[in-house]
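Beneath this line is the structure, given in structure tokens, with notes to follow.
The values are calculated or read from the model by the stated rules, or taken from the named source; none is laboratory data. As the structure is a prediction and not an experimental result, all values here were calculated from the model. Cβ sites come from the backbone with ideal geometry, for glycine too, and all protein chains shown count toward neighbours. The protein model used for the area step is the full one, side chains on, heavy atoms only, and it has no ligands, DNA or RNA in it. Shrake-Rupley method; radii C 1.70, N 1.55, O 1.52, S 1.80 Å.
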Amino acid sequence: MKRTGQTDPGFNLPALFERGMDVARDFAKDFARDGFPRRAEGEAVPRPPLFAPDSPFPAFFEKLGAKGIANRPAAAKAVAAKPPFPAPQKLVTDFRAYSGIRHRDALPPDDDGLVLGRLGALEVRLARTARDVRRAQRLRYKVFYEEMSAVPDGPTRLARRDMDSFDTICEHILVLDHDAGKMVLGRRKPKVVGTYRLLRQEVAMRHGGFYTQGEFDVSSVIAAHPDLKFLELGRSCVLKPYRNKRTVELLWHGVWTYILRNKIDVMFGCASLEGTDPAALALPLSFLSHNALAPEEWRARAVEGRHVAMNRMAKAEINPKAALQALPPLIKGYLRLGGFVGDGAVVDHQFGTTDVLIILPVSVISPRYVEHFGPTANRHAI
């Protein structure tokens, strides 16, 4: 939902582009056709995962903002035995993330399923092109870095985009305002006013794991439900003038439509409270611990070394009304839908927040919300 860090001295943006043309000549044909580089004529070499051990990609993008990539225990085990990236492939992988180009696993199957809903001049749809992804990154930069407390490093400030390695393997939901935006060649270019980032379980497993694994051990929960399909949600943001019921409802309608189309069973992801002092957040954290703690089968725990206790006040001492007022709207929204929180919080000093894990099985979503959006997502259908 926000990312920042320090500049990686090993990343040289001008050199990246200078060398990129040479690499593109050798690899573009293979990537365009099937995503594989070639070792010799007729011999396919499977592409290693994004987070190969000696790739500079995780280190660079962790400092750009992909917090926890380097210390994701489950992800590290998953890729430890994988072959390292060839040097030219490292360059291509870095370039893909910076440019907004996604892996083929994250591309929509066809244009027919891009639009997820409409409400007046607003439209919610999936990103189709690298340019769409870059527009989502720019919106995230505006909200996380310019409006909120994130402090960009040099490359992030230069690009004016919030970007990390997961952008290359995720699908991106966009809310566009067709009545706003600039005129280009006599036509108005819709303005991106909201976004959400989605990562399906099968894609995450092929590319080193989930973003959330940098903070919470979700692997045990996933392993306990082998027949269910999990979806990670993150990077949710809406432009300030559009933070109203109308826009947020359409954004959620898009998520609900995606869930139905892809037969998702469980949603999860990190959500943040402003501030890095757990004692100062004792009221909302304790409220969540006493009233929204996940049942044992869904209770993922914060990773060792980062776990912060949430139960800091006795239940009798908590003023529920004051606690709800102290919770961010996104967390309250998840709770209204029927969501739970995991065991423990994680302090993110880079972004000045304290993060909790939200877990939301589709089966527990309140029936009134299913009815509101429509059991077939027909409330704001195309």
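Accessible surface area normalised per residue over the range 175-281 is 42 Å², counting heavy atoms of protein chains with a 1.4 Å rolling probe.
Taking 25 Å as the limit for the C-alpha separation, the pairs Lys191/Lys240; Lys191/Lys229; Lys263/Lys321 exceed it in the case of Lys191/Lys229; Lys263/Lys321. Counting every C-alpha pair in the range 212-366, the share spaced more than 22 angstrom apart comes to 41%. Taking the convex hull of the alpha carbon positions in the range 168-222 and averaging its projected area over all directions gives 5.5 nm². Considered as an equivalent ellipsoid built on the Cα gyration tensor, the range 304-355 has semi-axes of 20, 15, 12 Å, the largest given first.
Calculated on C-alpha atoms, the gyration radius of the range 221-261 divided by its Kirkwood radius gives an Rg/Rh of 1.13. Quick one: Debye curve from the C-alpha atoms of the range 276-382, no solvent, what's log10 I(q)/I(0) at q = 0.14, 0.16 Å⁻¹? Listed by q, the Debye log ratios stand at -0.61, -0.75. The range 137-191: D in µm²/s via Stokes-Einstein (Kirkwood Rh, Cα pairs, 37 °C, 0.692 mPa s)? For these conditions, the coefficient is 253 µm²/s. Put a dot 7 Å past the Cα of Val184, heading toward its Cβ, do the same for Glu146, and the two dots end up 1.7 nm apart. For the range 99-208, the convex hull spanned by the alpha carbon atoms encloses 132 Å³ per residue. Here the Debye sum runs over all C-alpha atoms of the range 160-295 as equal scatterers in vacuum, and log10 of I(q)/I(0) at q = 0.09 Å⁻¹ comes out as -0.36. Across the range 293-334, the fraction of Cα-Cα pairs farther apart than 13 Å, rounded to a whole number, is 71%. Apply the a/c threshold of 1.5 to the C-alpha gyration tensor of the range 209-280 and tell me whether it is rounded, prolate or oblate. Note, shape of the range 209-280 comes out oblate.
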